[in-house]
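Right, one structure below, let's go through it.
The numbers here are math on the coordinates, done by the rules we state, and not lab data. Predicted model, so just to flag it, every value in this text is computed and none were measured. Cβ: placed from backbone, ideal geometry, glycine included. Neighbour counts: every protein chain shown.
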There are 2 protein chains.
Amino acid sequence: MAREQSKQQQSIIQAVDRLIYEKGFNVMSFKDIAEACGLSKGNLYYYFKTKDELLKAVIDYRLDNMRNMLQAWEQQYPTVLERLQRYVQIMINETSQVIYYGCPMGSLNIELAKGQPELQAISRAQFDLFRSWLKKQFKQLLADKAAEHYAMRLMARTQGVVVIAQAYQDKRFIKREAEEINQWLVDLLDGLAK
Amino acid sequence: MAREQSKQQQSIIQAVDRLIYEKGFNVMSFKDIAEACGLSKGNLYYYFKTKDELLKAVIDYRLDNMRNMLQAWEQQYPTVLERLQRYVQIMINETSQVIYYGCPMGSLNIELAKGQPELQAISRAQFDLFRSWLKKQFKQLLADKAAEHYAMRLMARTQGVVVIAQAYQDKRFIKREAEEINQWLVDLLDGLAK
DNA sequence: GTCTATATGAAGATAGAC
DNA sequence: GTCTATCTTCATATAGAC
């Protein structure tokens, strides 16, 4: 739910979004942010008083984008298989960033889980959103509990691919594994249709 | 290959190993380390002049432990399936830490991949070690390239499970997915035996 | 709203006494 | 080898002029 925000706030949030992804939340500094959006450090504090506030704003921003994206997918893809495969497609589309910075959602959550539980709880909302959307898709074919399990498994599979691809800066691994996961989905839904 | 190291060096390395895992490399400070091993900060610098040196020492320490562990597994488990499943078992055995701090190898690598490529290269040796050991196991049943691919896929699957389990502090997910992966290995090796 | 200047604290790292 | 004291740099955060 985006509150009313100034152009400046928007541009700060976008810069921070990128910096968190590329440097990590704890490494990113106010100096980095100020430089990235051409503001003075002092002026930044006019908009956001703490790093935690910035994180919250970035997560809200990401969640808005994700909700729009997922809604668009439902318009665009009529079948469950297409929707699930579209999810897998993300890592293909983002390959060139993923091999360097990993998954924006996954890497942030891992960082914050180490000793910043309040912040991790905020970051986790990204997982919640994908998880519930994927569950909703699987529920068209499966009982509630099984749908939940498959949603989580699919997320685990894509996250795992990203971790290994980042470790080796290996683009081809992403391609190869995306195909494997897509085939797994085909076989799975095929088995369920019977 | 562990060089000759004093008792003090060993105890520092073990403290740092833990701190990197629980707080992250960049968040961990010399103050943390000094407190953790009951030394003064100044004295710490007598043993290790920089944080990078500490990282190298910790990775060497971890690699030694891993090599010993893998060698022991080869003594203990005669079959490929048992060995691969023993690898999957790690996340079961470490569940109570994993749900809070993730994978020691994976989370460190993800952190360092963001803007510290020289340090990531050091950390990546942990992945290399597992990867080549797993490949060696698969090569008993598969051609070189396929063995490599399956080794990476197995690593991706366990890493992914850990990411999701950490996101939700969900122990049961680890159990559930470990069983699934074990079954996948059974089916896979079964298919190859034919 | 935007800036510069500054307060304050913590980090990595060193010097030198013991 | 171990300590305390200190240097320097950089971080978060604030104050106050414009």
Restricting to the stretch B:163-179, count the residues that are free of Cβ contacts under 8 Å to residues at least 40 places away in the same chain and exposed (fewer than 15 other Cβ atoms within 10 Å of the Cβ).
2
Members of the stretch B:1-45 that are assigned to a loop (DSSP other than H, G, I, E, B) and among the hydrophobic types (A, V, I, L, M, F, W, C):
B:Met1, B:Ala2, B:Phe25, B:Val27, B:Met28, B:Cys37, B:Leu39
So which residues in the stretch B:23-47 are surrounded by fewer than 18 Cβ atoms within 10 Å (Cβ to Cβ), under 28 Å from A:Leu108 (Cα atoms) and either among the small types (Gly, Ala, Ser) or more than 8 Å from DNA strand C (Cβ to nearest atom) (or both)?
B:Lys23, B:Ser29, B:Glu35, B:Ala36
Considering only the stretch B:20-39, I want to know if a residue exists there that is more than 14 Å from every other protein chain (Cβ to nearest Cβ) and more than 27 Å from A:Ala113 (Cβ to Cβ).
yes
